[in-house]
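Reviewing the structure listed below.
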Amino acid sequence: MPVGTQGTVKAVEQRELEHLGARIILGNAYHLYLRPGTALIEQAGGLHRFIGWSGSLLTDSGGYQVFSLSDLRRIGEEGVQFKSHLDGSTHVFTPERVIDIERSLGSDIMMVLDECVPYPTDEAYASSSSALTIRWAERSRVRIDQTRPLYGSKQALFAIVQGSVFEQVREAAARQLSAMEFDGFAIGGLSVGEPADQMYRITELCTSILPEDRPRYLMGVGTPENILESIARGVDMFDCVLPTRNGRNAVFFTRSGKLNMRNAHHGADFRPVDAACSCYGCRSFTRAYIRHLFKAGEILALQLASMHNLTFYLQLVADARKAILDRRFGSWKETALKTLSAEEADES
Ligand SMILES: [Zn+2]
C-alpha cells in the first residue's frame, strides 16, 4: 500500500497511482485530523471524495505519530494527550475519538488506537503497554457498534498486536485480540530499530496465532527483502514509505539491487534505469537525464523516482502472489533474494 499520509502519495498523482495498479493507499488520522481537519473532510463528503481517489483507503490511527512526532504526550487509561507538531495546540485521542475521526474520514479500513513502544524497551513496560493497547482495542470494538459509516460504504476495523520483541507479550496479545471480532489484524511496533532476525521471529510468532482467514498486516515494513521474508511468514499486507522516500533521495530499486542516480558514473549512461521495468520513466528516459534532473533539483526527478519505485514494489508483490498461487513461492523467493539486496546494482 503506497503511503499517502496527508491525503497524497508524495510526488505521485492519483491517476498515476491508478495507472500503476495501486488499489489501496494509506491516509493518516493524526495528520488529517490536525490538518485540514475532519470537519472539512466531512463537508467534502469523506476522504475519498476530498482527495479524488476511487480505490480503497486505509487510515492509520495516528498512534505511531502521536508517539513519534508530538511533544509532551501524556498516556493514561483513557487515552493520550498530546501537543500538535504543527502549532503546539493540545489534543486528546481516546480509542473512541479515533474511531469517530475515522468515521468522518470514511476509510475502508480503520486502525485502532495503539501505543507503539520505542525500541529498545523492557519487558515490564512492553507488557503493561500491550495490555493497555488491548483494552483500547476492546473499546474501539464497542465504539464501532455504537456508530455507523457516514457515506454508505462498509468500514472494516483492524486490531494491532504490540509487545516489542518479547515473545510472551506478543503471544498473549495475539491470542486475546484473535478472540475478539476484528476484520483483520496488524502487527505493529516492528521495524523500529530491532535487528531483522528479531523482526522475523516476532512476525512468525504473531502469524502463527492470528486467524488465517483474516488479513494480516505488517505495519511500516520495509525493504524488498523484508517484504518477501514476511510474506513467507504469512503476512498479507504491507505499507512503507521506502519506495517514495528513498526515491526522493535518488535511490531506485531494481531486481538486481539499488541504484543511486546521483552517482557520477551514471553521468553519461544512456540506458534506462531498469530495462526490465515498465514504468514511464524507464520506457522514456536515460540514467544520464534522470541524474541531471536530480543534480538540477528538478521536481520531475522526484516524480519519476517515486513512480518507478512504486511500480517496482507493486510488481514485486504481484509476482510473489503469482508464485504463491503457482505453488513455487519458496524457490522464487530464494532466487529473487540473491540479487535484490545488492547495495548498488550490477552495472554490466
Ligand atoms: Zn521504472
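Things worth noting here:
- Most positive-pole-ward Cα, Leu190, Thr133, Phe93, against dipole of the stretch 61-190 from beta carbon charges: Phe93
- Among beta bridges that DSSP assigns inside the stretch 1-86, antiparallel share in %, nearest 5: 35
- Degrees separating the helix 123-146 axis from the principal Cα axis of the chain, which is the longest one: 80
- Unit charges on C-beta of K, R, D, E only; dipole of the stretch 229-317, Debye: 300
- All lysines inside 24 Å of Lys322 as judged from Cα atoms, apart from same-chain residues fewer than 8 positions distant: Lys258, Lys333, Lys338
- At most 10 other Cβ within 10 Å, DSSP loop - GluC sites (Glu not before Pro), the stretch 21-105: Glu77
- Of every Cα-Cα pair in the stretch 194-253, the percent that sits beyond 13 Å: 62
- Taking amide H atoms as placed 1.01 Å from N in the peptide plane, the amide H of Thr254 lies under 5 Å from those of Leu259, each 5 or more residues away in sequence or on another chain.
- Within the stretch 127-181: Cβ-based charge dipole about Cα centre, in debye rounded to nearest 20 (Lys, Arg +1; Asp, Glu -1): 220
- By the rule of a C-alpha distance below 17 Å, with chain neighbours fewer than 8 residues away ignored, no lysines are paired with Lys10.
- Looking at the chain, the DSSP beta bridges with both ends there are about 35 percent antiparallel.
- Selection from Val161, Met110, Val142, by position along the positive dipole direction of the stretch 100-200 (Cβ): Val142
- Cα long-axis angle, helix 299-325 against the chain (0 to 90 degrees, to the nearest 10): 70
- Annotation note: trypsin sites (Lys or Arg not before Pro) in the stretch 1-91 located in DSSP loop regions with a Cβ neighbour count of at most 14 within 10 Å are Arg23.
- Angle in degrees between helix 196-209 and the longest Cα principal axis of the chain, rounded to the nearest 10: 50
- Amide H partners (placed H, <5 Å) of Ala22, local residues excluded: none
- DSSP bridge analysis restricted to the stretch 3-152 gives an antiparallel fraction near 45%, rounded to the nearest 5.
- Dipole in debye (nearest 20) - the chain, about Cα centre, beta carbon charges: Lys, Arg +1; Asp, Glu -1: 840
- Three semi-axes of the equivalent ellipsoid, the chain, Cα gyration tensor, whole Å, largest first: 34, 24, 19
- At most 10 other Cβ within 10 Å, DSSP loop - trypsin sites (Lys or Arg not before Pro), the stretch 274-348: Arg327
- Database remark: amide H of Val161 closer than 5 angstrom to the amide H of Ala186, Ile187, Gly188 (H placed geometrically; neighbours at sequence offset of 5 or more, or on other chains; Pro and chain starts carry no H).
- Cross-link partners for Lys83 among the aspartates and glutamates, with Cα-Cα distance under 17 Å and sequence neighbours closer than 8 places in the same chain left out: Asp71, Glu115.
Read-outs throughout are calculated quantities, based only on the coordinates presented, and are distinct from any laboratory measurement. As the structure is a prediction and not an experimental result, all values here were calculated from the model. All Cβ positions, even for glycine, are placed from backbone atoms using ideal geometry, and neighbour counts span all protein chains on display.
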